[in-house]
Amino acid sequence: MGDNETLLGVSAVYLFGRSLNDVILRGSVYEPLGIPKAGTNNFLRSQLAAEGAKLARIYAFSFEGAFIELGRPAIFVVHGAGSDPDDPPPSDLGYERLSRSPGSSARTGLGSQIGALAKDMRVWIYDKSDLSMRLDAETGTFEQILLTAEASTDLRGGMSRSGGALSRSGGVMSRSGGFIPRRSGDND
Amino acid sequence: MCGDKPEVEIESLSEPLVVVSWGDDKPFKLIGRGFSKKTIDAFVCTNKHGNDVVPKIKVTIDPNATSTDGFLSVIAHAEPGADTEKVFWVAVKLNGMFQDAQEGLKVI
């Protein structure tokens, strides 16, 4: 595999993580189950239905030479098994875990690397303009992840709804820190 | 093989037991000798003789990882429905001829 530097590297995003073993994406169901959509580009559908599409828990990414760890790992759609960011291994595989020198920058997007990536970490490389899907998972009791987030007791003793769809319009940027309850002060 | 020493030999797998989930890809390495030959194919079977190929588990040579004469980087992929009870053998062929096999791949 060539580790060449190209102009495309300028906009490459390197996702570091591990694929989920307990979830399988079945892109074949979109066609028969879905109502025909008017749009014709089908970017997201193509990404999810592509061969080898899977979900991976992403711990960090690199972009423009900077390594950035996610505040909380998030789940992204990726394709294939990814690559080993530490490749090549030493000729004696018995020393593989001890040889944690930086891999090729073609695999990490980094000019230098401090510390070592975990043993099973893989890297998937995309262009920053590629369409994808991010899932920020949240666990807890229904009270924590549903009731507190979506409704609260109003002064008359009934349940009032949160802002609903409009309050969700903030998009990914406002949620980058992870799960944020839609009504501040309710998450105690 | 008729008693001849095979040109490609698998001494071990890079993990004591390679575990592959349904629908997932599992990268691992075959360790041995003779892997620098260009016409090697890897596959999964149920015995050390390379018979009884398991069609629902594919092993492909990883094009994005380094391989040398001493080890071969491969990726196992198990289709949903693959047997989750048995421990399978990973085998190699050279020019279509069975060479060697090593036990130690399980599907979950």
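The values are calculated or read from the model by the stated rules, or taken from the named source; none is laboratory data. Only a predicted model underlies this, so the values are computations on that prediction, with no experimental measurement involved. Backbone-built Cβ (ideal geometry, glycine too); neighbour counts: all protein chains shown.
Annotations
- In the stretch B:26-46, of all residues being assigned to a loop (DSSP other than H, G, I, E, B), without any contact (Cβ under 8 Å) to a residue 60 or more places away in the chain and in contact with a strand residue (DSSP E or B) (Cβ under 8 Å, 6 or more places away or on another chain), the one that is farthest from the other protein chains (Cβ to nearest Cβ) corresponds to B:T46.
- Checking A:G71, A:G17 one by one, the residue that is closer than 24 Å to B:V107 by Cβ, among the small types (G, A, S), assigned by TED's automatic domain parsing to the domain that holds A:K128 and outside any helix (DSSP H, G or I) is A:G17 and no other.
- Residue check for B:I61: surrounded by 15 or more Cβ atoms within 10 Å (Cβ to Cβ), free of Cβ contacts under 8 Å to residues at least 60 places away in the same chain and away from chain A (no Cβ under 11 Å): yes
- Checking every residue in the stretch A:97-115 against the condition of being part of a loop (DSSP other than H, G, I, E, B), polar (S, T, N, Q) and modelled with pLDDT of 85 or more gives zero matches.
- Checklist (1) in contact with a Ser or Thr (Cβ under 8 Å, 6 or more places away or on another chain); (2) buried (at least 18 other Cβ atoms within 10 Å of the Cβ); (3) part of a loop (DSSP other than H, G, I, E, B); (4) not β-branched (V, I, T) applied to B:A82, failing item: (1)
- Output for the stretch B:1-25, where each listed residue is over 17 Å from B:L94 (Cβ atoms) and part of a loop (DSSP other than H, G, I, E, B): B:S14, B:E15, B:P16, B:L17, B:S21, B:G23, B:D24
- Of all residues in the stretch B:47-62, those satisfying the criterion of being assigned to a strand (DSSP E or B) and farther than 14 Å from B:D100 by Cα are B:I57, B:K58, B:V59, B:T60, B:I61.
- Filtered residues of the stretch A:79-96 (kept if in contact (Cβ under 8 Å) with a residue 24 or more places away in the chain, more than 9 Å from every other protein chain (Cβ to nearest Cβ) and outside any strand (DSSP E or B)): A:P85, A:D86
- Filter pass, A:N4 being surrounded by fewer than 10 Cβ atoms within 10 Å (Cβ to Cβ), within 14 Å of chain B (Cβ to nearest Cβ) and either without any contact (Cβ under 8 Å) to a residue 12 or more places away in the chain or in contact with a helix residue (DSSP H, G or I) (Cβ under 8 Å, 6 or more places away or on another chain) (or both): yes
- Of all residues making up the stretch B:28-74, the number that are over 23 Å from A:D87 (Cβ atoms) and of a type in the set (F, W, Y): 1
- With respect to (1) out of contact with any Cys (no Cβ under 9 Å at 6 or more places or on another chain); (2) more than 8 Å from chain A (Cβ to nearest Cβ), the lone exception for B:G23 is condition (2).
- The stretch A:136-150, subset exposed (fewer than 13 other Cβ atoms within 10 Å of the Cβ) and of a type in the set (A, V, I, L, M), residue nearest to A:R45 (Cα to Cα): A:A137
- Among the residues making up the stretch A:15-39, those that are touching a Leu at 6+ places or on another chain (Cβ under 8 Å) and within 14 Å of another protein chain (Cβ to nearest Cβ) are A:S19, A:L20, A:V23, A:L25, A:G27.
- Scanning the stretch A:21-63 for residues that are in a loop (DSSP other than H, G, I, E, B) and under 14 Å from A:Y126 (Cβ atoms) turns up A:A50, A:G52.
- Count of the stretch A:24-37 residues which are under 22 Å from B:A76 (Cβ atoms) and surrounded by 14 or more Cβ atoms within 10 Å (Cβ to Cβ): 3
- The set of residues in the stretch A:40-78 being crowded, with 17+ Cβ neighbours inside 10 Å and within 11 Å of chain B (Cβ to nearest Cβ) consists of A:A53, A:K54, A:L55, A:A56, A:V78.
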